Amino acid sequence: MAQSFKSRQIAFLIQNVCFTLILFGVHTYLLSHFAEDRTFFFPIWQIYVFHFIITTALYSVINYKYSKGKTDIFNTFMLSTFLKMVLAVLFLLPLLLSDIENKQPDVFNFFIPYFLYLFFEVFSLTKFLNKQA
């Protein structure tokens, strides 16, 4: 049990680091070409650190519960996804409460990676759950 948890966790961390670096590189490249004169409220690195930590934490909790023998993890996934949404709103709260006129680019700058990370989480979880079934 402990070995399968560790091996899944290490494999996911490697995939998550690679996914984050590629996505960060593409995002930075696109912003440097299409939004070079725009100053965003949040630096892009903060957005990616947030997404990396939250994604790793969500996967780790589900991986741990599954390793302990709980095969019904749907409720855990739904609860942690809801918590992730709440944390995303809290992360964006300073932006939403600021007096910046046009907040839409900043919100898109956050939520496009948010949904890409959500897809990555679901893909990774279903991949490891299908292997176990």
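The values are calculated or read from the model by the stated rules, or taken from the named source; none is laboratory data. If you're wondering where the values come from, they're calculated on a predicted model, not measured in any experiment. Methodologically, a virtual Cβ is constructed for each residue, glycine included, from the backbone with ideal geometry; neighbour enumeration extends over all protein chains shown.
Checking 42, 34 one by one, the residue that is at pLDDT 90 or above and farther than 24 Å from residue 131 by Cα is 42 and no other.
Would you check which residues across the stretch 78-106 are of a type in the set (Gly, Ala, Ser) and over 20 Å from residue 43 (Cα atoms) and list them? Once the filter is applied, which keeps residues that are of a type in the set (Gly, Ala, Ser) and over 20 Å from residue 43 (Cα atoms), the stretch 78-106 yields only 80.
Going through (1) surrounded by 12 or more Cβ atoms within 10 Å (Cβ to Cβ); (2) within 27 Å of residue 10 (Cβ to Cβ) one by one, residue 131 falls short only on (1). For the stretch 1-41, a residue qualifies if it is among the β-branched types (Val, Ile, Thr) and either closer than 30 Å to residue 70 by Cα or surrounded by 10 or more Cβ atoms within 10 Å (Cβ to Cβ) (or both), and the qualifying residues are 10, 14, 17, 20, 22, 26, 28. Residue selection: residue 97 fails the criterion of being more than 17 Å from residue 12 (Cβ to Cβ), loosely packed, with under 12 Cβ neighbours inside 10 Å, at pLDDT 95 or above and not polar (S, T, N, Q).
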